[in-house]
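Scroll down for the structure; my scribbles are underneath it.
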Amino acid sequence: MTRALILAAAGAAATLVAIAPANAQNWRWDERGWRTLGYTTVDGRDRDTIYLPGRTRQSAVRLCAMNQPLRLRDFDIRFENGGRQDVNTRAILRPGTCTRAVDLRGNRRDIASVRLRYEPIRRAAWRPVVRVQVRG
């Protein structure tokens with residue numbers, strides 16, 4: 001009985017250790033104060049919306065591409081109070097790169113969602129993943 005309990009506890013601990021780093025990596029603050037709040041795999045429809053969870057007071061936002069390059073035309077930031085801020089980027093995001101930091105108008109704001117207008121550069125099996133990162 002004790003041996004089975006020890007083996008079960010060890011298995012559960014190993015599972016938690018394997019899962020925790022992947023989850024913590026997406027939601028932690030990095031060395032420059034950026035934190036990932038949400039992400040989506042863009043599906044090639046030219047427009048997508050990333051909904052952000054909870055209420056977080058932020059002063060700057062940026063978008064980052066993963067997996068595949070992406071031509072980002074612009075993005076529209078929707079705030080919890082109904083306001084919005086349109087950002088014209090016309091940038092090519094290579095995998096692992098981000099847009100410039102965009103300061104949010106007004107004081108620190110609650111972001112509800114980010115609408116993207118884009119073009120995939122390559123039509124491939126792997127779709128680009130876009131992350132929304134914020135700084136407080």
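The values are calculated or read from the model by the stated rules, or taken from the named source; none is laboratory data. As the structure is a computational prediction, the values presented were derived from the model and not from experiment. Because the Cβ atoms are built from the backbone with ideal geometry, glycine has one as well, and the counts that use them run over all protein chains shown.
Could you please find all residues in segment 110-135 being modelled with pLDDT under 85, of a type outside the set (A, V, I, L, M, F, W, C) and touching a Lys or Arg at 6+ places or on another chain (Cβ under 7 Å)?
Result: GLU119, single match.
Residues that are closer than 14 Å to VAL132 by Cα and among the polar types (S, T, N, Q): find the strands (runs of 3 or more DSSP E) completely inside segment 43-116 holding 2 or more of those.
none
Do we find that GLY38 is surrounded by fewer than 17 Cβ atoms within 10 Å (Cβ to Cβ) and either modelled with pLDDT of 90 or more or not hydroxyl-bearing (Ser, Thr, Tyr) (or both) in this structure?
Here the answer is no, as GLY38 does not meet what is asked.
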